[in-house]
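Structure, as structure tokens:
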Amino acid sequence: MSKKEKKKEVPKYDRVGVENVMKRRFFVVPAFEIYNGVAGLYDYGPTGCALKNHIEQFWREHFILEENLLEISGTCLTPEIVLKTSGHVDKFTDYAVKDVKTSQYFRADKLIKEWVEKEKKKKKVKPERIAELDELANKCDNFEEKDIDEAIEKYKIKCPDTGNDLTKSFKFNLMFETQIGPTGGFRGFLRPETAQGHFVNFKHLLDFNNNRLPFGSASIGLGFRNEIAPRSGLLRVREFTMAEIEFFVDPEKKQHKKFSLMADMKLPLWSAENQLNNKGIETEITLKEAVEKKIIDNETLGYFLGKTYLFLIGIGIRKDGIRFRQHTPKEMAHYASDCWDAEIETSYGWVECAGHADRTCYDLSHHSKSSGVDLVAARPLKEAKVIKGVRMIPNKGSIFKKYKDEKEKAKKLCEKLDKVNDEEKENFMKEYETNGKIEVELDGEKFVLEKEKNEIKMERFEQNVHEEKFFPSVIEPSFGIGRIVYCVMEHCFKVREKDARRTYFDFPPVVAPYKASILPLIENDEFFKFIEPIRKVLVQNGISYKIDAVDSIGRRYARTDEIGVPFGITIDDITLKDNTVTLREIDTMKQIRVPINDVGTIIKNVCNRLEKWEDIVKRYPAFEQAKKDDKEEKDENEEKK
């Protein structure tokens, strides 16, 4: 290798290298590729699917199992009324701009950020110019239409593909609309989040948890967002897997019983205040101090920030590639009082991969009002108190008899009366006491129900109560699994020392697509007969594997390294004599000699983080042939060059 080659730096995050392996080894490919594909849609191959599944399983163990969460699975099709109530129909939007000539769409904030990155890479850019550009990029998430238009005009930002002028910015709703049923009259959407399925099932969840708070529910499922201009591979797609937690708490008691486990943890926190004042990330403040100073709103939110940090490290994300960024006031979602994004550094810059929001009681209170169903919990009172209310008792038999020729209207009227809230009952009661009847408006038409005709009965009541009802607040950690999969691949992508052509993924064994490869040293029936007993040992221990018997052993090591298989099991001449095999670890390339019956337990223990490879190496003899195999592997790679 020449001196010039030695000086060549390996990029911190090698997008080109990762994406080459992703496609060539069928981790992920564009969907419908033979038809030129569709932007923002991707298919996972065997390796990608296995990696994604193992990350999801680790998430389940780290959150659902450890936190005793209730897992549910909801439908992807969602009626309009649900998303109208949640605010998504009106507010789930991004700002877009278009090329004035080609009408090509761009998401405005991403367009500005991409322009900033290109400007910073130009030659001889002055420090003050870089500072100005960084400030623009940091603040553009908070921009309204006016701010976007002013920035595009001030910096003369053009369409990146054509150089044409751009239109004024406008709002674009990100939901996929559809019709449910054959008539076309029942409007619905593909869900943009799994969260609403938790809220509409809150009564069932609370009952299942014996009416006790706090508790959490969780789900892993598909979400859909009609992204304006998906460009960055798995980082911006239109169909994606989400893993979400809805943790229900008493709004007056947002402490977490396990917060002490995370209290002394120091996370890289970028507060809203620091962002707006163009200040950096705080790394020397503990979660306890951040909660006490109200940088983080409450203990439960802080606890899940700590859990997420440990999760990301556990699946292979580098510690120096994680930060937690707080949403600024203008950026905050319509339902949230505080929100922190876990962002991961990639070749694309910092990417949001998990959001942590305090959704307050917004969702439950709005769904309760809209549906007429009380989505509430109760807390005991120190002393009983008297409450006053109004009881409404519609005579549904009389109502259906009165409107016998309009049964559908009668049905809707009865349904509306069942959903009348306390405030509306009080207004109806005043009318009832004055006139002996009430007037109900439905679909623009007025219906009169009279006391004398026994169509409606209303009465005031007083009641002693020993508990008070309230709408729980919701703390929501929400994870984009596809984004996390891509970030793990960039963070775990490595190049062998002194050989830039040999790449591998050092995935933590717990999430590696295949845990082991079975490699007969040569194509020989005497060697092949050992494949089945080894395979059985692996299956009995729940270990996924890949059999590779083609080409030299060096090339097969390189092939399995390339897809991140942590352990290679080689059948050789010694196996025929004593039923032992060599076990090779991907990162160190160290090989040890182990009995076939021990292989499954060793790999399972390392994958389950019960033992470390360094400790296992001390218990078993090193394989003396290993150095020769490594030399052959190196020679074969030299031949490729």
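Hey, could you check region 7-16 for residues that are closer than 29 Å to Gly314 by Cβ and part of a helix (DSSP H, G or I) and say which is least open to solvent (accessible area, probe 1.4 Å)?
Among those residues, the one meeting the criterion is Arg15.
Given the conditions (1) among the acidic types (Asp, Glu); (2) at pLDDT below 95; (3) surrounded by 15 or more Cβ atoms within 10 Å (Cβ to Cβ), and given that Glu383 satisfies all but one, which numbered condition is not satisfied?
Only one criterion is unmet by Glu383, namely (3).
Taking strands (runs of 3 or more DSSP E) that do not extend beyond region 17-88, which have at least 2 residues that are open to solvent by 50 Å² or more (accessible area, probe 1.4 Å) and either touching an Asp or Glu at 6+ places or on another chain (Cβ under 8 Å) or not polar (S, T, N, Q) (or both)? It would help to see each step written out before you state the result.
Details: elements: 28-30, 42-44, 77-79.
Filter on region 17-88 gives 42-44.
Need the failing condition index for Thr283 against (1) free of Cβ contacts under 8 Å to residues at least 12 places away in the same chain; (2) in contact with a Pro (Cβ under 8 Å, 6 or more places away or on another chain); (3) of a type in the set (Ser, Thr, Tyr), just the number.
It fails just one condition, (1).
With respect to Glu331, determine if the residue is in contact (Cβ under 8 Å) with a residue 12 or more places away in the chain, in contact with a Phe, Trp or Tyr (Cβ under 6 Å, 6 or more places away or on another chain), farther than 17 Å from Met489 by Cβ and not small (Gly, Ala, Ser). I'd like the intermediate steps shown before the answer.
Details: in contact (Cβ under 8 Å) with a residue 12 or more places away in the chain: yes; in contact with a Phe, Trp or Tyr (Cβ under 6 Å, 6 or more places away or on another chain): no; farther than 17 Å from Met489 by Cβ: yes; not small (Gly, Ala, Ser): yes.
No; evaluated as a whole, the condition is false for this residue.
Within region 97-109, how many residues are among the aliphatic types (A, V, I, L, M) and either crowded, with 20+ Cβ neighbours inside 10 Å or on the phi > 0 side of the Ramachandran plot (or both)?
Within region 97-109, residues that are among the aliphatic types (A, V, I, L, M) and either crowded, with 20+ Cβ neighbours inside 10 Å or on the phi > 0 side of the Ramachandran plot (or both) number 2.
Mind checking which pairs have a first residue in region 173-200 that is closer than 25 Å to Leu70 by Cα and a second that is part of a loop (DSSP other than H, G, I, E, B) and of a type in the set (D, E, K, R), Cβ under 6 Å, 6 or more apart or different chains?
That search, which allows pairs on different chains as well, returns Pro192/Arg225.
Return the pair list, or none, for Cβ contacts closer than 7 Å from residues in region 558-583 that are under 15 Å from Phe26 (Cα atoms) to residues that are among the polar types (S, T, N, Q), at least 6 apart or on different chains.
Taking only residues 6 or more apart or on different chains, the pairs are Thr560/Ser517; Glu562/Thr503; Ile563/Thr47; Val565/Ser517.
Among the listed residues Leu234, Leu267, which satisfies the condition of being more than 30 Å from Lys294 (Cα to Cα) and in contact with a Phe, Trp or Tyr (Cβ under 7 Å, 6 or more places away or on another chain)?
On inspection, the qualifying residue turns out to be Leu234.
Out of (1) open to solvent by 10 Å² or more (accessible area, probe 1.4 Å); (2) in a loop (DSSP other than H, G, I, E, B), what's the single condition that is false for Val495?
The number of the failed condition is (2).
For region 520-540, which positions are open to solvent by 70 Å² or more (accessible area, probe 1.4 Å) and either within 30 Å of Arg501 (Cβ to Cβ) or of a type in the set (Lys, Arg) (or both)?
Residues satisfying the conditions are Ile522, Glu523, Lys529, Lys536.
Could you count how many residues in region 142-171 are under 17 Å from Glu331 (Cα atoms) and surrounded by fewer than 16 Cβ atoms within 10 Å (Cβ to Cβ)?
5
Of everything in region 418-440 that's in contact with a strand residue (DSSP E or B) (Cβ under 7 Å, 6 or more places away or on another chain) and over 11 Å from Met458 (Cβ atoms), which residue is most open to solvent (accessible area, probe 1.4 Å)?
Here the answer is Asp422.
Scan region 358-380 for residues that are open to solvent by less than 60 Å² (accessible area, probe 1.4 Å), out of contact with any His (no Cβ under 8 Å at 6 or more places or on another chain) and within 29 Å of Glu299 (Cα to Cα) and report the count.
Result for region 358-380: 13.
Suppose we filter region 299-325 for residues that are open to solvent by 10 Å² or more (accessible area, probe 1.4 Å) and more than 23 Å from Val510 (Cα to Cα); how many remain?
So the answer is 3.
Can you find, within region 501-532, the residue that is nearest to Lys604 (Cα to Cα) among those that are of a type in the set (D, E, K, R) and assigned to a loop (DSSP other than H, G, I, E, B)? Lay out the reasoning, then the answer.
Quick first cut of region 501-532, residues of a type in the set (D, E, K, R) only: 501-502, 506, 515, 523, 525-526, 529, 532.
Those left that are additionally assigned to a loop (DSSP other than H, G, I, E, B): 506, 515, 523, 529.
Details: Asp506: 17, Lys515: 9, Glu523: 28, Lys529: 23 Å.
Selected residue: Lys515.
Which of the residues that make up region 89-123 are small (Gly, Ala, Ser) and either in contact with a Leu (Cβ under 7 Å, 6 or more places away or on another chain) or assigned to a helix (DSSP H, G or I) (or both)?
Ala108
Would you confirm, using the coordinates I've provided, whether Leu166 is more than 26 Å from Arg15 (Cβ to Cβ) and among the aliphatic types (A, V, I, L, M)?
So Leu166 fits the description; yes.
Within region 118-141, can you find the residues that are under 22 Å from Ala272 (Cβ atoms) and either of a type in the set (Asp, Glu) or open to solvent by 60 Å² or more (accessible area, probe 1.4 Å) (or both)? Can you show your working first?
If we filter region 118-141 for residues that are under 22 Å from Ala272 (Cβ atoms), which is where we start, we get 131-141.
Those that are under 22 Å from Ala272 (Cβ atoms) and either of a type in the set (Asp, Glu) or open to solvent by 60 Å² or more (accessible area, probe 1.4 Å) (or both): Glu132, Asp134, Glu135, Lys139, Asp141.
Would it be correct to say that Val488 is open to solvent by 20 Å² or more (accessible area, probe 1.4 Å) and either free of Cβ contacts under 8 Å to residues at least 40 places away in the same chain or in contact with a helix residue (DSSP H, G or I) (Cβ under 9 Å, 6 or more places away or on another chain) (or both)?
Criteria not met by Val488.
Filter region 326-342 for residues that are touching a Gly at 6+ places or on another chain (Cβ under 9 Å) and under 13 Å from Pro268 (Cα atoms); which is surrounded by the fewest Cβ atoms within 10 Å (Cβ to Cβ)?
Asp341
Are there strands (runs of 3 or more DSSP E) fully within region 182-289 with at least 2 residues that are open to solvent by 20 Å² or more (accessible area, probe 1.4 Å), out of contact with any Ser or Thr (no Cβ under 7 Å at 6 or more places or on another chain) and over 30 Å from Phe470 (Cβ atoms)? List them.
239-249
For a quick check of your reading: which strands (runs of 3 or more DSSP E) sit entirely within region 541-641 and have at least 1 residues that are open to solvent by 30 Å² or more (accessible area, probe 1.4 Å) and modelled with pLDDT of 95 or more?
Of the strands (runs of 3 or more DSSP E) lying wholly inside region 541-641, those with at least 1 residues that are open to solvent by 30 Å² or more (accessible area, probe 1.4 Å) and modelled with pLDDT of 95 or more span 545-547, 591-595.
The values are calculated or read from the model by the stated rules, or taken from the named source; none is laboratory data. Here the structure is a predicted model, which is why all the values come from computation and not from measurement. Neighbour counts run over all protein chains shown; Cβ positions are idealised from the backbone, glycine included. Accessible surface areas use protein heavy atoms only, side chains included; no ligands, DNA or RNA. Shrake-Rupley method; radii C 1.70, N 1.55, O 1.52, S 1.80 Å.
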